[in-house]
Amino acid sequence: MAPLKPGHRFPMSKYGYLRETLIAEGLLPEVGGYLAPAPARFAEIAAVHAPDYVDRVFTQTRSAAETRAIGLPDTERVARRARLSAAGTTLAARLALEYGVACNAAGGSHHAGPLGGAGFCVFNDVAVAARALLDAGQVARILIVDLDVHQGDGTARIFAETPAVFTFSVHAERNYPEEKAVSDWDIGLADGIEDGEYLAVLREALPKVLALNRPDIVFYNGGVDPHAADRLGRLCLSDEGISARDALVFSTTRAAGIPVVGVLGGGYDADIVALGARHARMFAAAAEWM
């Protein structure tokens with residue numbers, strides 16, 4: 001992890017509580033049970049981000065404006081964390097191609113766009129991984145299902161001119177970012193939507209988007225910030241709604257025979273223990289298909 005000052009809005013400690021929950025629920029052994037990649041290389045990241053921006057992150061020479069936009073300090077540990085997150089999603093994607101399902105216990109940095117980072121996102125790990133699979137010839141078509149409460153604007157901008165990648169975002173319309181990008185399919189939801197209406201929208205849209213794209217792999221951003229208790233969300237899903245959403249994504253994609261890789265996405269509940277447990281629901285849903 002990259003330590004932050006006390007009171008910082010980004011809940012860095014949630015990753016530790018997620019691990020504790022996964023162990024307590026039998027989804028992860030106390031020792032081992034996961035793969036830890038080496039940090040992503042410059043060329044892998046520069047395939048989706050401007051090389052001069054990538055260089056500034058690597059050398060801790062970001063501009064003050066870049067640091068303000070990202071909201072995380074310009075330190076070596078923040079840069080290393082972003083590189084590890086990108087590498088983790090790439091590794092998880094390759095494991096999903098082999099085994100059908102895999103998850104990264106980080107990732108979902110979907111606000112980082114072609115020219116730089118934003119909104120606690122330094123590098124766009126899903127974009128790095130998707131580009132790596134395409135460039136290696138491992139897949140021909142990719143679907144990105146982004147169910148974080150915030151639009152996946154950076155991802156949409158990175159792949160705006162890439163027909164092989166279909167970007168699908170379901171988000172709170174009035175939430176960050178103020179200036180939305182144009183995904184291949186955007187569903188902007190009104191404030192306060194609860195489980196029933198949210199799940200109805202997803203049940204109708206997800207089969208359609210799979211049919212439109214016919215992907216070789218699905219990247220799923222399972223951010224838990226649509227939860228009613230989230231400090232930065234505007235929707236009202238319950239814990240049970242989050243679980244049902246995750247189960248719907250994995251069951252729909254796996255029943256169609258499509259590999260799926262899950263990434264953590266956002267979550268900003270002040271109760272960090274509850275937040276870690278909420279993120280664990282994605283892993284529980286994925287485990288049903290392993």
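The values are calculated or read from the model by the stated rules, or taken from the named source; none is laboratory data. Given the structure is predicted, the values throughout are model-derived calculations rather than measurements. Heads up, the Cβs are rebuilt from the backbone with ideal geometry, glycines too, and the neighbour counts pull from every protein chain shown. Note: accessible area is taken over every heavy atom of the protein model, side chains too, but ligands, DNA and RNA are not part of it. Shrake-Rupley method; radii C 1.70, N 1.55, O 1.52, S 1.80 Å.
Values for this structure:
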quantity	calculated
Zone residues, region 58-97, relative to TRP289, backbone N less than 12 Å from point 7 Å out along Cα-to-Cβ	96-97
FRET efficiency, 1/(1 + (r/R0)^6) with R0 35 Å, evaluated for ARG174 and ASP52 via beta carbons	0.55
Gain in span if fully extended, ARG231 to LYS208, counting 0.36 nm per residue against the direct Cα distance	5.1 nm
Accessible surface of the chain, 1.4 Å probe, proportion on carbon and sulfur as whole %	54
Distance in nm between pseudo-label sites at SER13 and ARG68 (7 Å out along the Cβ direction from Cα)	3.0
Centroid-to-centroid separation of region 178-251 and region 45-99 [C-alpha atoms, Å]	25
GNM top mover of SER169, SER63, SER238 - the chain, alpha-carbon springs below 10 Å	SER63
Dipole in debye (nearest 20) - region 1-138, about Cα centre, beta carbon charges: Lys, Arg +1; Asp, Glu -1	360
FRET efficiency estimate (nearest 0.05) - Cβ-Cβ, ALA43 to ALA164, R0 22 angstrom	0.65
Of TYR34, TYR17, TYR176, the one that fluctuates the most in a GNM where the chain has Cα springs shorter than 10 Å	TYR34
Top positive-direction residue, dipole computed over region 71-188 with Cβ charges, set GLY108, ILE187, PRO163	GLY108
Label point distance in nm, ASP271-VAL31, each placed 7 Å from Cα along Cα→Cβ	3.4
Exposure rank, largest accessible area first [ILE142, ILE272; 1.4 Å]	ILE272, ILE142
Label of the coordinate-derived value, volume of the Cα convex hull per residue in Å³, listed as (i) 138; (ii) 116; (iii) 165	(ii)
